[in-house]
1. Go through the range 27-51 residue by residue and tally those that are under 14 Å from residue 110 (Cβ atoms) and charged (D, E, K, R).
2. Could you look through the range 620-645, keep only residues that are open to solvent by 20 Å² or more (accessible area, probe 1.4 Å), under 30 Å from residue 317 (Cα atoms) and out of contact with any strand residue (DSSP E or B) (no Cβ under 9 Å at 6 or more places or on another chain), and pick out the one that is modelled with the highest pLDDT?
3. Just wondering, is there one or more residues in the range 335-348 that are at pLDDT 85 or above, over 19 Å from residue 488 (Cα atoms) and crowded, with 20+ Cβ neighbours inside 10 Å?
4. Looking at the range 572-619, which of its residues are within 37 Å of the chain's Cα centre (by Cα), β-branched (Val, Ile, Thr) and surrounded by fewer than 19 Cβ atoms within 10 Å (Cβ to Cβ)?
5. For the range 554-564, give me each residue that is outside any helix (DSSP H, G or I) and not basic (Lys, Arg).
6. Take the range 565-586 and flag every residue that is in contact with a strand residue (DSSP E or B) (Cβ under 9 Å, 6 or more places away or on another chain) and assigned to a helix (DSSP H, G or I).
7. Inside the range 26-64, can you point out the residues that are among the acidic types (Asp, Glu) and part of a strand (DSSP E or B)?
8. Go over the candidates 527, 500, 510 one by one and state the one that is surrounded by 18 or more Cβ atoms within 10 Å (Cβ to Cβ), at pLDDT below 60 and on the phi < 0 side of the Ramachandran plot.
Amino acid sequence: MADPASKADAAALPPGLAQALLDQFEEAVFVSRRDETTLRFLLVNEAACRLMGYSRAELLAIAPPDVVPGEDPRRDLYQRRVERVRRGETIEFHTFVKTKGGGWIPVRSRTSPFRFDGQDLVISRLVALRDDARGGEGDVLLLRQHVTELLQSAPVGIFLTDAEGRILFQNDALKAMMGTAPDAPSPVVGRSVLDLPGIRGLPSEAAVRSVVGGERLTNYVTPYTSVNGVSIVCSINAAPLLDSGGRPDGALFVVTDVTEIQRMEAEVRQAQRLESLAVLAGGIAHDFNNLLEAITGRIAIAREDLPDGHPGTGHLVAAERIAGRAAALVGQLLSVVRRDPAERRVFDLVRVVQDSEELLETAAGRSVRVSLELPDVELPVQGSPDQVVQVLLNLAVNARDAMGGEGRLVVRAGPVPEGIAVPGAAGGDPVPAAFVEVEDTGPGIPSDLVDRIFDPFFTTRTGPTSAGLGLAVVHGIARSHGGRVEAISPPGRGARLRVLLPLHAPVAALPASGDGGRVAAEAVAILLVEDEPALRDVFTHLLERAGYGVVSCGRGQDAIDLFRQHPDLRAMVLDFQLPDIGGGEVLRTIRRESPGFPTVITTGYAPEEALAPWIDQPGIRYLQKPFAFRRLAEELALLLGGAPG
């Protein structure tokens, strides 16, 4: 029981004596109430203010957790130490305190509970280790703090475990992977690495124990789903941590998000497979298209030799149509494995839509009824017929998916009403246009999405085939043809996607003569370079029948030699894939000696990078085999000013 006299003596002490006594200490002193969960400061001395750079009022207003490390690289120690002191323990430890300027000072602390005047208090005495005789301790703590900062700033996820596999520390990058805010409490510290949430196929307990036992874990790849539902692929690498005696005392785990890397690697593998297929398909396509061209050429000769009304003519027409379908199949194969240069020419849009009916029915599926509504007039458009077919197929597939695989699909084409036009080439005056459109009986396009449907990768569908590129491709092809795309979708009444393309004046027909187009053979001399003998014979026959004089060969060097030997040559029909020096070298040599020499390039298949430098050159036309001979005649007529003569 306290002596009443002692109480009276204490009451007589000056009220500022406690503060004055604390200020006599050379070490920093902090006094807190023991019942405070964070040990908020009640008194601080002058040494504490000097150590941390604050005024007394500023320091008393600060919460202790704001000036001590919130997360230690081995454990979140602060709260554990608070609990020990509140239970009555006296503890000594090394830590850091944060100065007003933001720096960290290593200190040695002794914290003890005590009771004064009926109050449970805590006193902490701090000595700055930088001035301590054992300055090495400060160096160790500073190094430890630097390591912590390094781990926190790492761009990969990092966590540390003890010898039992319990997580002692995680950095902010790992928190981000897990969907946890950087300033939020760690959801995994104190838990076993085997219990990390969201990871499927974690390293086994044996693998974890082998790491803390001294072995390494290398490139362990596993899926991971964060708390906010984001799925990624992680690569986990781990190494043991050793104590001062060289014995395993925990483990360091490094978690790397390899989702993008795996995606890129998959794309590279796919590109390599497609490149292999392209090489194989290209070789087959070249030979196959040459054979088809020879077949269709012989059919054309036979048709011309038959009199009008001959019963065999119908069979020959059917054979031409079948050969055309075979050529279309080869074209589809090449379009899958490689982006070939698009052949640009004037074609009838109506005819292209008619010829695509069977492909559209296949693309739409059996439960979708496809119908065509086409005018009785030609709609001449300049561009790539194959790309227009691709536009139709993309629109048909989009309509099929919008209708859920069932419904009606209408394909229309026609001239655009007067007053509506598309911009001319190079920003010139608007020109008349034709349209082709696909209309479905689906639910239509929501008004808030109409402006986005042509954006690359935008899609409202899910699944591995929903890349969101179909309508973006349509938009790109329309723009490359000088046109545009429109989406018309009344609420609840299906969708109508319309492509507008500039009309082009039709190609002038070759002038007819009394003998079916023949003119004097000596009028124009053509150099024919074709490595396939059967096709070379067919082209020679048809060109001579059209009135051209023909000098032919099957090799590139022979073509150069013949060009030099025959100064009367006016144009060249050049197969680009030749067995020796190739079509590109032939063109370079001949055009160096005769700039702008008119040339029609033909090929069953050639790599895009080889053809690209020549496609848009003046005086050069391009035809993809197989083609109707009339098209070769038209291209030569354009290059030579209208006729062989």
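The values are calculated or read from the model by the stated rules, or taken from the named source; none is laboratory data. Since this is a predicted model, take the numbers as computed values, not measurements. Methodologically, a virtual Cβ is constructed for each residue, glycine included, from the backbone with ideal geometry; neighbour enumeration extends over all protein chains shown. Accessible surface areas use protein heavy atoms only, side chains included; no ligands, DNA or RNA. Shrake-Rupley method; radii C 1.70, N 1.55, O 1.52, S 1.80 Å.
1. Selection size over the range 27-51: 1.
2. 630
3. yes
4. The one that is within 37 Å of the chain's Cα centre (by Cα), β-branched (Val, Ile, Thr) and surrounded by fewer than 19 Cβ atoms within 10 Å (Cβ to Cβ): 615.
5. Within the range 554-564, 554 is the sole residue that qualifies.
6. Of everything in the range 565-586, those that are in contact with a strand residue (DSSP E or B) (Cβ under 9 Å, 6 or more places away or on another chain) and assigned to a helix (DSSP H, G or I) turn out to be 565, 583, 586.
7. Residues satisfying the conditions do not exist here.
8. Just one listed residue meets the conditions, 510.
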